[in-house]
1. Looking at region 114-136 only, could you name the residues that are modelled with pLDDT of 80 or more, small (Gly, Ala, Ser) and crowded, with 17+ Cβ neighbours inside 10 Å?
2. Can you spot a residue in region 230-250 that is at pLDDT below 90, of a type in the set (Gly, Ala, Ser), open to solvent by less than 80 Å² (accessible area, probe 1.4 Å) and out of contact with any strand residue (DSSP E or B) (no Cβ under 6 Å at 6 or more places or on another chain)?
3. Out of region 146-167, which residues are among the aliphatic types (A, V, I, L, M), touching a residue at least 60 places away in the same chain (Cβ under 8 Å) and in a helix (DSSP H, G or I)?
4. Output yes when any residue across region 198-207 is over 24 Å from Asp127 (Cβ atoms) and surrounded by 12 or more Cβ atoms within 10 Å (Cβ to Cβ), and no when none is.
Amino acid sequence: MGKKRTIILIMAIIPFFSSCSKIYNGLKNILKEVAHAMEEDMKKPPFEPLEGYKIIKIERRNLNDWHNYKFPYILMENKEVERKVNGLLQMRNFGVVFNGPDGSCVDGIDHIVRLSYEGKPTTSFYDDSFSRNLSIKIAFTESDGTETLRYYNFNPKTGDLYHLEDFFSEENYYLFQSKLLGYEVTEEEDLADLSNFEFTQDKIGVRISLSSRFDLTQYSVIKISDIEPLLNDYGRAALITGEELEKYHTDLPPLLYEGMIGEEPVYYLRERPFRGGRDQLFFRNTGKYGERNEEVSLLEIPEERKIIPSERDRKNIYFCDGYWYDIQFLIKYIDRERGSKGLKPGDRDYFPHYDYKDFGTDLFCYHVTEDGLEGYYQTPCPWDHKLTVTGFDYSEDEEFRRREDEEEYKDRIEDYGIKPQKYQVKLKKM
């Protein structure tokens, strides 16, 4: 309205100054600039809010006074989407799944988050959602002030994470990267990691952290209108129209699964197998927590004992689906000891003491099926797993490692009273 009034005012006074060419030309230029600004505003799509959701902020304090944690808990009309979005956000960032917006967890630890023990910095989050994108930005701030941003973009109709790779055919994905990066991408090794991205109603912004051309993180922006011809149906629905979003899903990780290991319900977060992601297991009844031991994480073809996977896993994730995927998980649970003294019944303990208890590694082997994951879980991990399952051969110089593995296996049985057991695993993708 302000710009319209400016134009009307200028048009009204132009006749008074038409005899003075300098003033007249100056007013004409101002009028052109205002009209141009109005034209640019008209090109921007009107903001379309996302309906049927609300974000509650959970705040908890770590043992260190300067670490204040804020966690988004998302409430949605569609409860299946709500559970899926919260599960993935919480597992990936905090290593635990909240029971509800009050911040309580299944293991009863209701005022401290498990991954804070792993040196998580102070966190804050921002809601940038609109009709086609449930968008959460989480900022991790180190004690030295360094800030790291992680973007999460969810399909609001299904709860699936958006992936830019899903929005294009393979050929057009190369063309899209070429436009975004400013140079021609023709080889697979030149593809950049575009997993940390955000998008608004008219732009896509990407923090590029892995590429043969970039040593440091770079933020690149591209207009959606500039890549519209490259989009497939899913890309057009997510980035432009919003039509039939409920029919689109992703098979690209990170993916969240739920199901049973033996008789205990679990959540399993499956990351990309060959790029430093951290698979996680969360046992809902006992509160035990497992992270993938990245030192031993190999694919096995049953007929061939060894395989060297490519570093690029955009295609290999599908290759993985047909074969056993063997992972060793470092399993821990939290021992709670009250560190504060003089507390009376009903007093709040602001300085409790928690310790991880390390159970060593367990073995998780699975393959991907149409319904989810099927396989087995063995505890404790057999000391000769490297020999019998993956075909890894110890050299003479590594014989001491074999003996250490054997001793660790025996110690777990003696110290914790754990008897070797193998459990059936059936998990479904959430």
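1. Listed by number, the residues that qualify are Ser129, Ser135.
2. No, region 230-250 has no match at all.
3. Residues satisfying the conditions do not exist here.
4. The initial filter retains those residues of region 198-207 that are over 24 Å from Asp127 (Cβ atoms), namely none.
No: region 198-207 contains no residue that is over 24 Å from Asp127 (Cβ atoms) and surrounded by 12 or more Cβ atoms within 10 Å (Cβ to Cβ).
The values are calculated or read from the model by the stated rules, or taken from the named source; none is laboratory data. If you're wondering where the values come from, they're calculated on a predicted model, not measured in any experiment. For neighbour counting, all protein chains shown are included, and Cβ atoms are generated from backbone atoms with ideal geometry for every residue, glycine included. Heavy atoms of the whole protein, side chains included, go into the accessibility calculation; ligands, DNA and RNA do not. Shrake-Rupley method; radii C 1.70, N 1.55, O 1.52, S 1.80 Å.
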